[in-house]
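Worksheet: one structure, shown below.
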Amino acid sequence: MYFVANWKMFGDLKGLNSLNDVIKFAMKNKRKNFKVIYCPPSTLIFPLFKKFKNTPIDLGGQNSHESENYGPYTGSINSKMLMDVGAKYLILGHSENRQSGENDRLINLKIKSALKIGLKIIFCIGETLKEKQNNKTNQILSNQIKIGLNGIKNKSKIIIAYEPVWSIGTGLIPKLSDLNSLILFIKKKFKNKSQKILYGGSVNENNINQLKTINSVDGFLVGAASQDAKKFIDIIKKTYN
Ligand code: PGA
């Protein structure tokens, strides 16, 4: 199981000590079959890389420029730079970035360039409330996958994160039966039967007891609750209790 912490635009150097408990927990449970990945803002990747040295915890970025080369793009960071400071993973296609203008074609370019550099991708897909109400969910997910992964033959480095937009930061989660069938629907789109699919959207230390009952899910992408070390550890613990 994957437990991915998406810190979004939160976090600073002085807050990193709170992760000592997560490190302790991860070291103690090293042999268990779960993977913890922190995706902090880019400014904290390198400090965390040093902190997580010799631990099983991995790091990821939250977005990147689509060019794998350096270039005159003020304010941007590319995959090569993220990898240089210790990232192994990269979240792409997050709805917060889609809402500020990223489309499936741009996300496709970003995925291709990050794969070329050698990052593993956490590719976010999900429908808005309006799309859900109009029964468009399957179509939206199909399109996001089709265009986002267009031209990518080897998908072994891609993890899908199904994140309904209406669920992110709202405290709402899908009906478990809906979630299970959507994850199976997404899985069917991949030749590789072991394609990993995560769920994200308001995952917390309370609803994890329900969410963990979904057999088809391979882990969770956690936003707000991941900023609190205790809550994040609780989510992992409860998944296995
Ligand atoms: P949330 O965010 O857990 O705060 O809903 C999840 C995400 O945006 O990845």
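The values are calculated or read from the model by the stated rules, or taken from the named source; none is laboratory data. All values reported here derive from a predicted model rather than from experimental measurement. As a convention, Cβ positions derive from the backbone with ideal geometry for all residues, glycine included, and neighbour counts pool all protein chains shown. Note: accessible area is taken over every heavy atom of the protein model, side chains too, but ligands, DNA and RNA are not part of it. Shrake-Rupley method; radii C 1.70, N 1.55, O 1.52, S 1.80 Å.
Placing R0 at 25 angstrom, the Cβ-Cβ distance between Y240 and R105 gives a FRET efficiency of 0.05 after rounding to 0.05. Note on N192/S67: beta-carbon distance plugged into 1/(1 + (r/R0)^6) with R0 of 25 Å gives a FRET efficiency of 0.30. Quick one: Cα centre-to-centre distance for segment 53-88 and segment 200-219, in angstrom? Going from one Cα centre to the other spans 28 Å. Pairs over the 32 Å Cα-Cα cut-off, from the set K51/K191; K8/K238; K136/K237: K51/K191; K136/K237.
So what's segment 2-240 giving for Cα Rg divided by 2.2 N^0.38 Å, two decimals? Cα-based Rg divided by the globular estimate yields 0.96. Of N215, Y162, L115, whose Cα points farthest to the positive end of the dipole of segment 2-240 (charges on the beta-carbon: +1 Lys, Arg; -1 Asp, Glu; origin at the Cα centre)? About the Cα centre, the residue reaching furthest to the positive side is N215.
A Cβ-based charge dipole, computed about the Cα centre of the chain with Lys and Arg at +1 and Asp and Glu at -1, lands at about 980 debye.
Using a Förster radius of 22 Å, what is the FRET efficiency between F185 and F34 based on their Cβ-Cβ separation? Nearest 0.05, please. The formula returns an efficiency of 0.35 here.
Rolling a 1.4 Å probe over the protein chains gives K116 an accessible area of about 150 Å².
Probing with 1.4 Å while keeping every protein chain in the model, the per residue accessible area of the chain equals 50 Å². Residue by residue, segment 110-122 carries 3J(HN,Hα) couplings of 5, 4, 4, 6, 5, 5, 4, 6, x, 7, 8, 10, 9 Hz when phi is fed to the Karplus relation 6.51 cos²θ - 1.76 cosθ + 1.60 (θ = phi - 60°); x denotes Gly or Pro. Of the solvent-accessible surface of segment 124-241, computed with a 1.4 Å probe over protein heavy atoms with every protein chain present, carbon and sulfur atoms account for 49 percent. Here the label points at L129 and S76, each 7 Å from Cα along the C-beta direction, are separated by 3.3 nm in the simple model.
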